[in-house]
Amino acid sequence: MDLWVIFLTGLTVGGISCMAVQGGLLASTITAREGEDIKEGSQKKHTAWPVAAFLTTKLFAYILVGLALGVFGEALQISDKVQVLMQFVVGIYMLAVALNLLNVHPIFRYVIIRPPRFLFKRIKNQSKSKELFAPAFLGAMTVFIPCGTTLAMEALAISSGNPLSGAAIMGVFTLGTTPLFFLLGYATTALGDTFRAKFLKLAAILLVYLGLNSVNGSLVLAGSFITAQTIADAVPIQINLGGEEDEGGVAARLVNGKQEIATEVLRNGYNPNSFRVKAGIPVKLDVINNEGYSCAAGFTIPSLGIRKNVLPGEKKSVEFTPQKEGKIVFSCSMGMYSGVIEVVN
């Protein structure tokens, strides 16, 4: 086990792949605090402490997860349903924070996370404690919304079969993601202090994008018939939201009574990401990862309940028999990158 490679993975693709959801969560709690200060007429200067609180609790939470995974193995993996639900909730939360920043309706002020009432009495006169509660809480909660790269690291922690090794893997990986998250969080506080209201409007627009992206990803993973791609498909002008796609899709090859197709895991999706198969004949789909860790390493076919974690240098196969015409969507573990298998007679 090379911890240095794991750290570099977190420093590069790990931080980037998790930024869409977890980074948005960090930015949303900081900008929400800024928005509350503006409404209260406060000119208080925020510091990097909220960012540090978020990253510290996140680090400890992932170390504990690694420790547990090393002890108990696959039994402690977060279920698909829990991950989809948490990703959906996070998306809705970011949208609600954005609407609060845009002053759409007073009801959205209730989305701001505050300490429980029994704790609030103790810290109401300690502004720093109050300021740190929300980011610290959300930092710990990020264990419920892992990105595809994080899931790959969790698989390594499980395979280690050792609690200390599992904790080291998750701890070193999370440390690797820290610089990018810190830059995002600190920039949010610094720019928020400098530009205040103007920056909050810009942050709100960004949170709307991240929130919609998170919600759409959760709908893809849940196998929903309403997603950004299905809406685009309903438009007369063809729009592809899943990356590059071969026109008409790649036709399957019939080998020993099975339809064989293959896709390669890329840093930004799958290639090819469109196939044609016939109904009633078994399909063998090879998923090949030659590029390394990315969200796409967590391969899933939501409608069939298929999920494979394909580590760098691995090739894994999934087999199924399509029974009727239609489209079978496959995607990464966060629903960000997707493809389609079109079933014809």
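Some values worked out for this structure:
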| quantity | calculated |
| --- | --- |
| Segment 282-299, residues that are in a strand (DSSP E or B) and more than 18 Å from Met19 (Cα to Cα) | Val283, Lys284, Leu285, Asp286, Val287, Ile288, Asn289, Phe299 |
| Candidates Ala279, Ala222, Ala197, Ala232, filtered to the one that is at pLDDT 80 or above, among the small types (Gly, Ala, Ser), surrounded by fewer than 16 Cβ atoms within 10 Å (Cβ to Cβ) and farther than 18 Å from Cys18 by Cβ | Ala279 |
| Residue count for segment 90-104, restricted to those that are without any contact (Cβ under 8 Å) to a residue 60 or more places away in the chain and of a type in the set (Val, Ile, Thr) | 1 |
| Conditions (1) charged (D, E, K, R); (2) at pLDDT 65 or above; (3) in contact with a Ser or Thr (Cβ under 9 Å, 6 or more places away or on another chain); number of the one not met by Glu154 | (3) |
| Criterion: surrounded by fewer than 24 Cβ atoms within 10 Å (Cβ to Cβ), aromatic (Phe, Trp, Tyr) and either within 25 Å of Met336 (Cα to Cα) or at pLDDT below 75 (or both) - qualifying residue of Phe137, Phe182 | Phe182 |
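The values are calculated or read from the model by the stated rules, or taken from the named source; none is laboratory data. Since the model is a prediction, treat every value here as computed from it, not as a measurement. No Cβ is skipped: glycine too gets one built from the backbone with ideal geometry, and neighbour counts run over all protein chains shown.
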